[in-house]
Amino acid sequence: MVGTGKIAGKHAVAISMTDKVELVAVASRNLASAQGFTAKHGGEPVEGFEALCAREDIDAVYIAVPTAAKEEIALEALMQGKHVLVEKPLASYESAKKLMKMARAKSLAFMDATHFTHNPRTLTLLGLVLDEDIGTPISLTASFHADVGGRENIRFDPELEPYGVLGDLGWYCARLVVDLVPDAIEYSACQAYGKFEKGALVGVTGVVTYMNDGFRLGFDCSFTAGAFAQDMTLVGTKGIISMDDFVHDWERARIGEEKPQFPAGFRLRRGRTDPAMVKFVVTPGEKSHIISMLEAFARYAGDPTGEEARSAGWRAVWTQETLDAIWRSLKKPKPEA
């Protein structure tokens, strides 16, 4: 691992719950930080990512650092022959393509750490779309809102996290299209509106339209909402799918915070149904999708030139492409004098 923050800690716990991945070493610019992390989660502390990437006893590197530093570390890891699992977002669409192409050239796995991609529910939903069970997809709307704390949080630092809320919460909205409506990857137009505070994007809303019959994504995200919300609705010509937990399913996504009284699944509506006729489809899972993601990455590392591994890498690139399109459409605040 490179990085010792909150998300790295969550992944370290998940690693301890599977035999497919082993935490060997953890790097930080500050050795004391790496020492504190490994004292809790295991592994050997390392000062600096260069030293970690050069080690011969590791196969892969998980990168959990601010967006501004990800490309440099990922390039070093790939150059040293290591598979790469990296937190979202990437620095840019061009950066994502560069990393993916290098990984392919060196027969290495490259994947972003989007958890819900590996949730059994996502695979069930994709099957419904591919089987045309809800007909032709017309639109997808997604909203993700969270109060992420005080302004000392790096999410509010445009130097470290230039995309702000778009790169953090908006990533998941864009990823829904990549994961559930694969025919809609090529976008045709985008219009977005944002709220900035001291240069940081803290709220964003907009619409992206795609080449396939005008399919559209509507999204709304913010860091300043008074409640946590993660809602999505996928509209098709034969039915409508909706969820209120599309990023982290309530049942078991958060390790240590499981809520079995709220089973993972989705609501399915057809025709002119009243609320009593809406069907809730349960999608059982045996583990947190964080663990499932790590196990999938281990599988891709075992066959990095296989179709699954290549697809995983390109999903990161395509998601970043949509983010960049949204970012370009935003009216940015003028720099302070």
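We did not get these values from a lab; they are worked out from the coordinates using the rules stated. Every value quoted in this text rests on a predicted model; they were computed, and no experiment measured them. Positions of Cβ are backbone-derived with ideal geometry, glycine not excepted, and every protein chain shown enters the neighbour counts.
So the values come out like this:
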item: Degrees, to the nearest 10: 93-105 long Cα axis against longest axis of the chain; result: 60 degrees
item: Gyration tensor verdict on the range 6-88 (Cα atoms; rounded if a/c is under 1.5, prolate if a/b is larger than b/c, oblate otherwise); result: rounded
item: Charge dipole of the chain about the Cα centre (unit charges at C-beta), most positive-ward option of A325, A25, T38; result: A325
item: Rounded FRET efficiency, nearest 0.05, which uses the C-beta distance separating D57 from S329 and R0 of 30 Å; result: 0.05
item: Residue among E295, E152, E50 with the largest mean-square fluctuation in a Gaussian network model of the chain, springs linking Cα atoms under 10 Å; result: E152
item: Enclosed volume per residue, in Å³, of the convex hull spanned by Cα atoms of the chain; result: 143 Å³
item: Distance in nm between pseudo-label sites at L123 and E197 (7 Å out along the Cβ direction from Cα); result: 4.0 nm
item: Test item: Cα-centred dipole of the range 6-88, Lys/Arg +1 and Asp/Glu -1 on Cβ, debye; result: 420 debye
item: Ratio Rg/Rh, restricted to the range 232-337 and using Cα atoms, in which Rh is the Kirkwood radius; result: 1.09
item: C-alpha long axis of helix 6-15 to longest principal axis of the chain, angle in °; result: 90 degrees
item: Candidate aspartates and glutamates - alpha carbon under 14 Å from K332, same-chain residues fewer than 8 apart omitted; result: E197, D324
item: Loop chymotrypsin sites (Phe, Trp or Tyr not before Pro), the range 192-244 (other Cβ atoms within 10 Å of the site Cβ: 15 or fewer; DSSP); result: F228
